[in-house]
Structures are given as structure tokens and as C-alpha cells.
Amino acid sequence: MWDYSETVKEHFYNPRNAGPMADANAIGEVGSISCGDALRLMLKVEPESEKILDASFQTFGCGSAIASSSALTEMIKGKTLTEALDVSNQDIADFLGGLPPEKMHCSVMGREALQSAVANFRGEEWKDDHEEGALICKCFAIDSVMIEDTIRANNLCSVEQVTNYTKAGGGCSSCHEGIEELLAKVMAERGETFSPAPPPPKTKPGKLSTLERIRRIEQVIEKARPNLIRDHGDIELVDVDGKTIYVSMKGACSGCQMEALTLGGIQQQMIEALGEIVKVVPVKAVAPTKLPA
């Protein structure tokens, strides 16, 4: 269970400025419901001074996303657009008394929604997909520009931190090498050396008992679950038949366009954990049969 501050809880249970704004003249939209988080930030800006007279939000996401959005609207009301742009994602987290590391991406989303709204007011184009950057994480469509910017802004130094702030690498591990390359590049600019985490020890094939094999399969699934639950989905082990592992994808993960990529990453982790080639196959949950009275 996440360790939330009292301020986070207060802004989650009693969010400020939630709901649509009929007379908004600056609107920023980021995220995607299919990926688990989406935010619409609406501002009423005085054209002459660019002062933010009012702010409201609508969000689809977890408690941290709601709290971060609520906090952001409180922080920027009364500021000019230029002053508001000085509010960083860390400022949002600090305003809330801190966020769990795994939820820092919620404050980043708020920061991007603000940038989008300001661009909208000024008639400029702003895109959260950073089309000029190479796609690094296919699971969450996160590219190199966003990752680099986030590493620089928050002095990140590990793949785990990048995942916490951007979600990149949270669906599977296939993009970890690309993230490590970006970490090495940005940390070298800071005069620091990136040290990747040592890979897990490989298991020799033919050395696992049936019980140990099942346990390792369950461990891989449990490791994957937090990121899926964060995006309103889940995964459950259904059966193991030789080298075929059957799982059930639940919630937003069921039928998601990224399901195959997510399962591919989990399958690769299964192969590494078991030391053998296995196949992960999704199955539809079967409703229990109702017995006749």
C-alpha cells in the first residue's frame, strides 16, 4: 500500500477546482485513458496581463493523479502564465508533502498539462508525444526527448527512477537498455558516471523442481502487477501446462492495444527467471457455472 501524506489524502478526498469550466480560454490535455492516466487542465486567463484568474481540471487516474491536479490548480491561480511555467513537477510533489516514488509520474503529467494549456492560449503547438524524439518505451509510447527532459529536471540516476517519473520501462523490460543509454548521456553532462544495476543471476536449465518453477512464475507476475494495477489493470496466473503459461489479463489490460507488448515483456522475464523457453498465453476469464437449484 502506498504511503500517502495527509495533504495528498486531503486533495484526493476533497479535490479543489474539479470539474469542467465553461468559459476557459486555455485548455491542456495530456495522457490517454487507454494507458491509464489522462488529464484535462482548463484555465481562464486575462488576455492583457496573461494572469490566471481561475483553473479547473478533469482527470482519469489514481488518487495521486487527482491530488496532483488539484494541487496544481491551487498553485497557479493568480500567477501569470510565465510565472506558472516556473512550477515544476517537484514543486507539485512538495506542495503535497511528497509523493511515493512510484507515483511521481502523476506530477509530471500535471506539469505537461500546464505547458499544453499555455501553448493553447498563445496559439502555439504543443504535443506530449515529442514527435522529434525516438520512441523508447513502446508499452507507454514514451520517447527519448521526454525521458531526457525528465532525467535532467529531476536529477534521475536509475532506470527505476525513470519508470517512476515517466512510466517508461514499467510494462516490460525491453526498453531498459535504451533508458540506460539516455541516463549515461545525461549523467555524463552532469559529470557523473552511470552504473547500471547488475543483471539477475541466470538459472541453469533443468535445476528447478515443479514447486520452485511455479514460485518463480508467480514472482514474475507479482513483479509485473504494480505497474498494471497503476493503469487500472491486472494479471493473474491461470495454469501452467509444460512450457505454456496461461494468464488472465484484467481491467484496462484486457483487450488493450498494448496487451501483446506487455505479455511479450512478461514472457521474456519468465524465460530469464526459469532458464528455459516458455510461452505466455492470455486466456479469457470463464464465469463460474451456476448450479441448478
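The values are calculated or read from the model by the stated rules, or taken from the named source; none is laboratory data. All of these numbers come straight from a predicted model, not from anything done at the bench. Reconstructed Cβ throughout: ideal geometry from the backbone, glycine too, with neighbour counts over all protein chains shown.
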Flag if LEU53 is modelled with pLDDT of 95 or more, aliphatic (A, V, I, L, M), assigned to a strand (DSSP E or B) and surrounded by fewer than 17 Cβ atoms within 10 Å (Cβ to Cβ): yes
Residue in the stretch 229-247 that is part of a loop (DSSP other than H, G, I, E, B), modelled with pLDDT under 90, buried (at least 20 other Cβ atoms within 10 Å of the Cβ) and assigned by TED's automatic domain parsing to the domain that holds ALA141 present: no
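Quick check, is GLY133 outside any helix (DSSP H, G or I), more than 18 Å from ASP231 (Cα to Cα) and at pLDDT 90 or above?
Against the criterion (outside any helix (DSSP H, G or I), more than 18 Å from ASP231 (Cα to Cα) and at pLDDT 90 or above), GLY133 does not qualify.
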Any hit, the stretch 32-49, residues being surrounded by fewer than 23 Cβ atoms within 10 Å (Cβ to Cβ) and at positive phi: no
Residue match in the stretch 149-156 (condition: assigned to a loop (DSSP other than H, G, I, E, B), of a type in the set (A, V, I, L, M, F, W, C) and modelled with pLDDT under 90): no
